[in-house]
Structures are given as C-alpha cells and as structure tokens.
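Below is one structure; the comments refer to it alone.
Just so it is clear, none of the values below were taken in a lab; they were calculated from the coordinates. Quick caveat: nothing in here was measured; it's all calculated off a predicted structure. We place every Cβ from the backbone using ideal geometry, glycine too, and count neighbours over all the protein chains shown.
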Amino acid sequence: MHNKIIIRSDNTSYQYWLEIWRFRELFFVLAKRDILVRYKQTIIGLSWSILRPLLTASIFTIVFSNIANLQSQDGVPYFLDVFTALIPWQFFATAIAEASNSVVTNSNLITKVYFPRIIVPLSAIAVALVDFVISLAILFFIAMFYGHTLGFEILYLPFLVILLVLLSIGPILLISSLNVKYRDFRYVIPFLIQIGFYICPIGYMFSAVPDHWKFLYSVNPMVGVINGFRFSITGFNSNFFYTSLFFSVAAAIVLLLVGFYTFRKLERDFADII
C-alpha cells in the first residue's frame, strides 16, 4: 500500500514548519548541489571565495586610500577596515543574487515533486554562507598580519552574524516568490545590488557621512550590520552605532514577516505559473 501525501493550501504555519522539518534532508541535498555547481568547471574553484574579497578590498584601498587619501579611524589599517565591512555586504549580495532566481531555475523539481517550496531559496543561501566563512577566516588572518588585537567587542560577532542571516532571508523570500510571476526582477536585482554597494559604508567610513545625514543614512539596514562588524573587529564605536543597529533589527523582523507571508501566499501557484 502506497503512502499518500495530501497537499493542503490552507496549512497553518505550524504544520508548514513541520513539513519543512520532514524535508530537511532535501535542504542539505540542494545546498550541496548549489555549492558544487557554483564552482564547477572553474580553474581555481573554491579559491574564488578567497580572491574576490581580497581583490575588491585591494582596489578600494588603492583608489580610496592611496588616491583619494581617505583614512580609517583610530589608526586601524585601511585595508582591514574595508575588508571587515566588505564581508557582511558580500554575504548579503551573494545570497540575494543566488536565491532570487532559485525557484525559477528549479522549475522541473517544483512541478513534479511536492515539498515546501521555501526550501529552495533557503538552500541557496548555503553558497553565500560558504564564501562568508572563508572570508571570515581570512579576516582574522589579516588582523593577525597587521598585529591588530581583538578586544571584548568580538563577543558581538555571533549576534551580528545571526542578524545578517535573518536580514537576508526576508528579501530572499520576497524576491524569489515575486520573480516567479514577474520575471523583471532578474534584471532589477543586479542593478539594486550595485546601488546598494555604494550606499553602504564599505569603501568609506561611517564617520565620513555628514552629521545631518547620519540618521537618515542609518535607516539603511545594512549600515547597522556593517558598523557592527567594524565595531566587533576594530573596536571603533560611533554615536550612531546602536541607532543604526536598531534599524537593522527592526528591518530584519519586518522583512522576515513580509517575505514569509508573500512567499506562502504565492507558492501555491508556483507550479502553474512556472
């Protein structure tokens, strides 16, 4: 006698999370596949995870520090300051880029097999997570190279990593679900990521923002995370650190609720639209 799976469009959130737990092995299978596919048929493979942030931070150091004569704060090496800010942004941008089109690219799986569709975009985050862990290890090595001693502020880092992941999940669920119905998002997302790169304090310090713009600038949820990473690694604090962090936490909660609600509302039609 065959087991039957009944698909109900009106499952409660509790039942839905139970379904996700039942299909947890699929999550790891998809995550492993995405990681392998990302570096398949590349000459240096996973080494791109090391070269990308190092090259980007090097270019920023040459352009902004050596040419534009921008300096870091409290005597922290400029390269270390930039690399610290680059890590959370790289995770956020990579996670959205990888997951935004994940539901569409897995159309064959979605139209043939039942499972909670939310597993697809969530598993795509694994690619960004691998790059993040490697970059974080490089960051500690760079700090040692410059002789920079980590203080008690490093205790903030686990909280900031969790906040970064949660802040990424909301937009991922929202964009990946909307992208199924409105394919324009695959053209809009790279453009928005590029803009976001320049409106975040990566190549420049938060202190370089004019005082009368700092509050409005802090509304950008990634500003709080980037400030937090700099604080945890370099120990440099600013008057707007906790303000920007508050906006980041608030944005993470709101985006999670909106993203999950939108995904749940649209996923029942994924198989028909795709």
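Taking neighbour counts of Cβ atoms within 10 Å as a proxy for exposure, in what order, fewest first, do THR111, THR149 appear?
THR149, THR111
Can you list which of the chymotrypsin sites (Phe, Trp or Tyr not before Pro) found in region 132-196 are DSSP loop residues with at most 12 other C-beta atoms within 10 Å?
Here the sparse-neighbourhood loop sites are TYR146, TYR182.
Between VAL120, VAL29, VAL104, where does the largest GNM mean-square fluctuation fall for the chain, given springs only between Cα atoms within less than 10 Å?
Comparing VAL120, VAL29, VAL104 in the GNM, the peak value goes to VAL29.
Using every alpha carbon pair in region 109-149, what percent of pairs falls into each 5 Å bin from 0 up to the bin containing the largest distance?
6, 19, 15, 13, 11, 10, 8, 7, 5, 4, 3, 0
Would you list ASP269, ASP81 from fewest to most Cβ contacts within 10 Å?
On the way: ASP269 13, ASP81 28.
Fewest to most other Cβ atoms nearby, the residues stand as ASP269, ASP81.
Determine the sum of side-chain charges near TRP48: Lys and Arg each +1, Asp and Glu each -1, restricted to other residues whose C-beta is under 10 angstrom from that of TRP48.
On the way: positive: ARG38, ARG52; negative: ASP131.
Residues near TRP48 contribute +1 overall.
Please order MET144, MET205, MET222 by the number of other Cβ within 10 Å, starting at the fewest.
Details: MET144 11, MET205 22, MET222 25.
Sorted ascending by nearby Cβ count, the order is MET144, MET205, MET222.
Among ASN108, PHE159, GLN90, which residue has its Cα positioned farthest towards the positive end of the charge dipole of the chain, with +1 placed on the Cβ of Lys and Arg, -1 on the Cβ of Asp and Glu, and the dipole taken about the Cα centre?
Of ASN108, PHE159, GLN90, it is ASN108.
What number, in percent, do you get for the relative contact order of the chain if the mean sequence gap of Cα pairs under 8 Å and at least 6 apart is divided by its residue count?
Values: 316 pairs, mean separation 68.8, N = 274.
Relative CO of the chain lands at 25 percent.
In debye, nearest 20, what is the charge dipole magnitude of the chain about its Cα centre with +1 on Lys and Arg Cβ and -1 on Asp and Glu Cβ, if you could check?
Values: 19 positive and 14 negative charges, 186 e Å.
Charge dipole of the chain: 900 debye, to the nearest 20.
Which angle from 0 to 90°, rounded to the nearest 10, does the C-alpha axis of helix 13-22 make with the longest principal axis of the chain?
90 degrees
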